[in-house]
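Here's the structure we're looking at; comments come further down.
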Amino acid sequence: MTSPPNGAAAGPIIETVDLVRDFKRTRAVDHLSVAVAAGESVGYIGANGAGKSTTIKMLTGILQPTSGLVRTCGLDPMRRRVDVARRTGVVFGQRSQLWWDLPLHESFTILAAIHRLEPGQARARIERLVDQLEMGPQLAAPVRSLSLGQRMRAEIAAALLHEPELLILDEPTIGLDVLSKQRLREFLLEERRERGTTLLLTTHDMGDIERLCGRVLVIDEGRLAFDGTLAGLARTVGARRVLVIDLAEPTGELSDIPHTAVLAVEGDGLRQRLAFDASETTAAAVLAAVSARAQVRDLAIEEPDIEDVVRRIYAASGRG
Amino acid sequence: MADRLASWRAARPTAGGLADRLRPYRVILAARARAQLQYRASFVTDILGTVGVGLTEFAEVWIIFHNVELLGGLDFTAALLVFALSNIGFSLADMLVGHLDTLPTYIRMGQVDAFYVRPLPLLTQFMTSDISLRRVGRFAVAVVALVVALTTADVRWSAAKVVLIAVTIVSGTAIFSALFTAAGGLQFFFVDGAEFTNSMTYGGSYAAQQSQRVFPDPLRVLWTFVIPTAFVAYLPTLAILDLPGDRLAPVWLAWCSPVAALAAWLAAALCWRAGTRHYQGAGG
């Protein structure tokens, strides 16, 4: 009300300084200091229970910090929860903000009224989102009858109705099939291109980070373990690609291929999984080395897995 | 606190902005009502069910007075008036905010988080998150009982008594709403506290239906000054029927129901505030 509409433009849109949150026996967030500038797209990753959801709850005014500072859109989310809610959109992946027993379009109408959107403007925005997210056929269906993918698209549309400056997504692609993930990511890219919405998302899916995020924050036991680009993250932890090779005949463990490590040998050596660091060798070189040893029937390359990346960060910092 | 007062002041609607301010709630409630009316057969069954509840409560009064002339200084007509006023207040409150006692379900479903990320006060969001139209059945039984009681009783009508009845209905609804709200706030502390809070809401409703004189003094003090359900029906009935009061229930106290409602709401607001603070403190 008293703050200028673009009060955040001057400072970061998300800021935490020495943010701490204790629960009864554990410290969920431990002196977290992070700043996200308006327009950034940030992936917030970590193991289950690392403190991601707790951070998001403090950013949105749901949880009171134990100590430290938190600012969302330049505001204290505990004291200015309503103003923060006006300027942010939040989707909790496992929890719905829609009215499950009403037709989908009613949820949009209600949320438009809650955000006091002018009816004409609301209609145009709903139409645009429904069109972009291809939800037309589902508008008349009750929310409870939507598939997971349809519901997630609806949740995101609902969070974007009031054109927030900041969109916070907690596990938006969890449980979605490949096609649904793809469509969701494309939509988010388009939304960001058009409106420059700041994005903070938590995910277990490396694909989300690769497609959507220019910056990655890794949290481990409540502490910031990494802050940088995805490439930087892969470099730091040496996230490895994995070459899966099917051989024509059972072969002994391919333990002496340069710059690789054997992860697994299956079917008496018919299938072997070799991990390598992209900065040390290439898939082609590994393949050539293997071919010199045995006849290769088929192969596949696996990209670094987010769990693996996180595990490696933990290992690097001396934890399990 | 000063901060909160300032934000209330800022939020106070101007004459023109009130409809605008209430619009979100109107839209939600209309949608809730539509959802309930969508399935005619089940809605009708539900209403018959709440009519049944109202009639069962009435049967209790009827059976008692089938066996005794007077109970706690009230005859059947007076008892019927107490029954009617308390049931009108309770059923209206139950219809409007009775769902606050389903709060534990909301908490477990994480629905509470969704309320936090909407730009509206939490309490008004909870209060308007549902409306139980089916409870109109119990309300209807109570209204019929009120009409019967007022026409069969020997009421010396005056303008003041008409005002008193209206004030009583409004205050009674407010008092029971406050009980539901306080119960909701307390359930932030005890997620499985429904048994305890039910004793406040449904217990309060039961107490409101009785002549206060059937209770021992400590309970009468409780129902008058702590959980003020005596104001909902018993005290106004004394005033409407010109019955003598006693030292714990002077007849003039009937006019104080708005004060009791206000006090109940203050307590309810404190419970609510403490509850939401606790939720934010303890996590979900």
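What to note about this one:
- If only residues of the stretch A:165-178 that are surrounded by 19 or more Cβ atoms within 10 Å (Cβ to Cβ) and in a loop (DSSP other than H, G, I, E, B) are counted, the one that is farthest from the chain's Cα centre (by Cα) is A:Glu165.
- Evaluation of A:Met152 against (1) crowded, with 22+ Cβ neighbours inside 10 Å; (2) within 14 Å of another protein chain (Cβ to nearest Cβ) (one fails), failing number: (2)
- Helices (runs of 4 or more DSSP H) completely within the stretch B:47-116 that count 1 or more residues being closer than 24 Å to B:Phe215 by Cα: B:76-97
- Assessment of the stretch B:91-104 against the conditions (closer than 25 Å to B:Asp242 by Cα and out of contact with any strand residue (DSSP E or B) (no Cβ under 9 Å at 6 or more places or on another chain)) yields no matching residue.
- Candidates B:Ala79, B:Ala30, B:Ala93 - the one that is over 24 Å from B:Ile175 (Cα atoms) and modelled with pLDDT of 85 or more: B:Ala30
- Subset of the stretch B:211-238 [in a loop (DSSP other than H, G, I, E, B) and within 15 Å of the chain's Cα centre (by Cα)]: B:Ile227, B:Pro228, B:Val232, B:Ala233
- Any chance B:Thr197 is in a helix (DSSP H, G or I), touching a residue at least 12 places away in the same chain (Cβ under 8 Å) and touching a strand residue (DSSP E or B) at 6+ places or on another chain (Cβ under 8 Å): no
- Among residues of the stretch A:132-186, those that are closer than 20 Å to A:Ala112 by Cα and of a type in the set (Val, Ile, Thr), counted: 3
- Residue count for the stretch B:114-137, restricted to those that are in contact with a strand residue (DSSP E or B) (Cβ under 6 Å, 6 or more places away or on another chain) and of a type in the set (D, E, K, R): 0.
- Among the residues of the stretch B:39-54, at least one is loosely packed, with under 14 Cβ neighbours inside 10 Å, free of Cβ contacts under 8 Å to residues at least 60 places away in the same chain and within 14 Å of another protein chain (Cβ to nearest Cβ).
- Conditions (1) within 19 Å of B:Gln125 (Cα to Cα); (2) assigned to a helix (DSSP H, G or I); (3) at pLDDT below 50; number of the one not met by B:Asp3: (1)
- Single unsatisfied condition, A:Gly207 versus (1) of a type outside the set (D, E, K, R); (2) at positive phi; (3) surrounded by fewer than 17 Cβ atoms within 10 Å (Cβ to Cβ): (2)
- In the stretch A:38-55, residue farthest from A:Arg311 (Cα to Cα) [restricted to those that are in contact with a Ser or Thr (Cβ under 8 Å, 6 or more places away or on another chain) and either of a type in the set (Ser, Thr, Tyr) or free of Cβ contacts under 8 Å to residues at least 60 places away in the same chain (or both)]: A:Ser41
- Residue within the stretch B:166-176 that is of a type outside the set (A, V, I, L, M), under 16 Å from B:Gly275 (Cα atoms) and in a helix (DSSP H, G or I) present: no
- Residues within the stretch A:179-209 that are in contact (Cβ under 8 Å) with a residue 60 or more places away in the chain, within 22 Å of A:Ser53 (Cα to Cα), part of a helix (DSSP H, G or I) and out of contact with any Lys or Arg (no Cβ under 8 Å at 6 or more places or on another chain), tallied: 2
- Condition met for A:Ala124 (surrounded by fewer than 20 Cβ atoms within 10 Å (Cβ to Cβ), among the aliphatic types (A, V, I, L, M), in a helix (DSSP H, G or I) and more than 10 Å from every other protein chain (Cβ to nearest Cβ)): yes
- Any hit, the stretch A:7-21, residues being under 29 Å from A:Glu127 (Cα atoms), surrounded by fewer than 17 Cβ atoms within 10 Å (Cβ to Cβ), without any contact (Cβ under 8 Å) to a residue 60 or more places away in the chain and more than 11 Å from chain B (Cβ to nearest Cβ): yes
- Just so you know, in the stretch B:117-155 the residues that are of a type in the set (Lys, Arg) and in contact (Cβ under 8 Å) with a residue 24 or more places away in the chain include one that is nearest to B:Ile165 (Cα to Cα), and it is B:Arg138.
- Within the stretch B:57-98, the set of residues being under 19 Å from the mean Cα position of the chain (by Cα), more than 24 Å from B:Ala249 (Cα to Cα) and of a type in the set (Val, Ile, Thr) comprises B:Val97 only.
- Some residue of the stretch A:132-145 being assigned to a strand (DSSP E or B) and not small (Gly, Ala, Ser): yes
- Verdict on A:Arg95 being touching a residue at least 40 places away in the same chain (Cβ under 8 Å), more than 28 Å from B:Asp20 (Cβ to Cβ) and surrounded by fewer than 20 Cβ atoms within 10 Å (Cβ to Cβ): no
- Single residue of the stretch B:121-178 satisfying the filter (charged (D, E, K, R) and farther than 26 Å from B:Gln36 by Cβ) that is surrounded by the most Cβ atoms within 10 Å (Cβ to Cβ): B:Lys161
Table: residues versus (1) in a strand (DSSP E or B); (2) under 27 Å from A:Ile45 (Cα atoms).
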site: A:Val218; (1), (2): yes, yes
site: A:Val242; (1), (2): yes, yes
site: A:Asp256; (1), (2): no, no
site: A:Val265; (1), (2): yes, no
site: A:Asp268; (1), (2): no, no
site: A:Ala284; (1), (2): no, no
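The values are calculated or read from the model by the stated rules, or taken from the named source; none is laboratory data. Predicted model, so just to flag it, every value in this text is computed and none were measured. FYI the Cβ positions are ideal-geometry reconstructions off the backbone, even for glycines, and counts take in every protein chain you see.
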